[in-house]
Amino acid sequence: LLSAVRRGAMRNKGFSQEPQMVGFNPGDVLANLDDVRMWPKVKSWINAEKELFRNRFNDSEDSEQGESVRENVAYSKAVSLGTVEAYDDFLKKYPYSPKAKRIRLLLNSLADDTAWKRAQKEGSLSAYKRYLLAFEDGLHIEEAKLKMQEIKSALERDEKSWSKALSCVENVSLSSSACDRIEKQMFCAETYRKSNMFRGKHDQEAVQALEQLRTELKNCQKNDKDKGSSSSDIEVIKEENSIDGVYRGRRGYYRVRRPYCLGIYNFEATISNGTIVFYSDGRRWSGTVSDSGYIHIDNSGVSPPTKYGVEISGHISNGELYSGYCGRGFFRLSKR
């Protein structure tokens, strides 16, 4: 480096004068690099070169060139960082720069992407509306409109499902026994929840109703057992209508889109004293069955439990199965 500087300086002088800088000849350094006393001179020479550079661009006659260099450096830094703060800092320093237009475009694009990600994270109708109002010519206008339409359609389906569930509860036959009516009402609420993948607008109301109905069902079944009967005829009828026994079972999922989700699983189930037990897919399944044949199994009755949750409900002859991983399906038992 020093040799090149020396040759360049001598070339500029027509090789008629030895270049001198801060009291030493740079060319001498090449011959004395092993002499540590030369390094302070090297350092002072480098500092002098830096000062010369600064003075050059601070001179009034070169102020425009120096400003252009600083502007280019600031622009490169802002683009490299790519943050709101970096863009704002450049615009404050160079608001009328030809590069300011490009920086404003980058700043607007960054704000657009940030707002879009925020709307996606919230995923609500109001979130996408806020995005559209803030960015009328945004990069994600069409996507936002499509998402809003999907949400509106989902809300319409949800309201229809909820109305259907309410009608289902109201139309439960009064001629049925008290326990049977409660089980049918539970089935109505569970059907609503599953039809909306447990994310419906009224899901919390359905959950609260199910909790209350389960409590009522336990009390109802307890009262029926406490009453008992001394009539041999009733005992005979009850024995004939008992659901206890061994059953052939089939369950499966309607849309088999993921690995390990089958369309049909065959198994054998045993029902005894209101409890059902069967083995399927390497797991033990257990739950409750009412006297009228309504089943309830959730993830707490599956061993080992599934990672995404599972639930079985409805009548044993035509029940419903739901898995957080595989989706909706069916559950059916037929007595041997």
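Some points to look at:
- Dipole magnitude for the range 87-218: about 620 debye, using +1 per Lys or Arg Cβ and -1 per Asp or Glu Cβ, origin at the Cα centre.
- Among 96, 247, 128, the ranking by other beta carbons within 10 Å of each residue's beta carbon, starting with the fewest, stands as 96, 247, 128.
- Ranking of 328, 255 by neighbouring Cβ atoms within 10 Å, starting from the fewest: 255, 328.
- Of 101/129; 117/201; 160/201; 147/201; 194/335, those spanning more than 21 Å from alpha-carbon to alpha-carbon: 101/129; 117/201; 194/335
- Counting neighbouring beta carbons within 10 Å and listing from fewest to most, the residues 313, 109 come out as 109, 313.
- Cβ-Cβ FRET estimate between residue 211 and residue 83, R0 fixed at 51 Å, reported to 0.05: 0.55
- For the range 101-186, the square roots a ≥ b ≥ c of the C-alpha gyration tensor eigenvalues yield an a/c of 1.5 or more together with a/b exceeding b/c, which makes the shape prolate.
- Surrounding net charge for residue 324, when Lys and Arg each add one and Asp and Glu each subtract one, Cβ distance under 12 Å: +3
Bear in mind that the values in this text are calculations on the coordinates, not laboratory data. All of these numbers come straight from a predicted model, not from anything done at the bench. Reconstructed Cβ throughout: ideal geometry from the backbone, glycine too, with neighbour counts over all protein chains shown.
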